[in-house]
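Down below is the structure, laid out as structure tokens.
Coordinate-derived values only; no laboratory data. As the structure is a computational prediction, the values presented were derived from the model and not from experiment.
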Amino acid sequence: MSKMHETDLTGQVAVITGASRGLGRAFAISLAEKGASVGIVARSATGLKEVGSIIRNAGGHAVEASCDLLDEQSIGEAIEYIEGRLGNIDILINNAGVAGPTGPDWTLDAKEWWKVFEVNVLGQFLVSKAVISGMAKRGKGRVVNVSSAAAGYPSANYSAYCASKAALTMWTECLADEAARHGVKVLAYHPGTVRTDMTEYSAGQPEKDNPIVNFIRDAFEEGSDTPIERAVESLVFVASGGADDLPGVQIDVDVDHKEWKTKSAEIKDKELYVIRIRGLEN
């Protein structure tokens, strides 16, 4: 991968959901290191306090806001609190998500299955609604929805997760078209196979013929998983405007930053709205 341009986010305000652990935690710390003031959001007040302390101890600016990402009022209060402390939001990273129940659909609890859609799609919709309204009025802003390769790869026993990520990707395309008219950039970002609680859980499943499980397990065993540093670097690149020429596109960590720039016209001309692990599709 090409070396990323030096990024300075001084003076900008970024909000990251699901920031109490895993990738969200790493995203928040890195954005703060680049100079952004960060509003970190999650259910776990304890986890947020720890991340906020790390950022402040390193000389950064962070505000924690614990809230229910499925409650519109709770989200509104959290966003209002963050903006009251840090100022208008320039960047939103919709990172919160869950894997949900696994197994044949007819054996699953319907409420648990639907909960995956609520967190992975409705939750991102509600947070975006609360944040983009202000961005649109100001005529600028950037939203990055963290997606997954599962959006384009059906996998038995993971229907809720795959379908929710596919819905998230399509919604991102729709939202990007709507928001672009108001100066707001919206993209989806696939960080690759990073070792997190979610991927470790999937890799530990007993299935032998499940595409997603095998892909994650093989990546871990072969050492081809994405280092969290690389996933974070690419996210910061996107969040800072490095892929603004590709609104609505699902950006993949395995595609070189240069390709996002040099092939943006080709991607749009051929309507290649999703850049997958395989690279640019023909």
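Take the alpha carbon atoms of segment 103-178, find their center, do the same for segment 10-65, and report the distance between the two centers in whole angstrom.
22 Å
Which pairs, out of Lys111/Lys140; Lys34/Lys137; Lys34/Lys111; Lys115/Lys137; Lys34/Lys185; Lys49/Lys115, put more than 29 Å between their alpha-carbon atoms?
Lys111/Lys140; Lys34/Lys111; Lys115/Lys137
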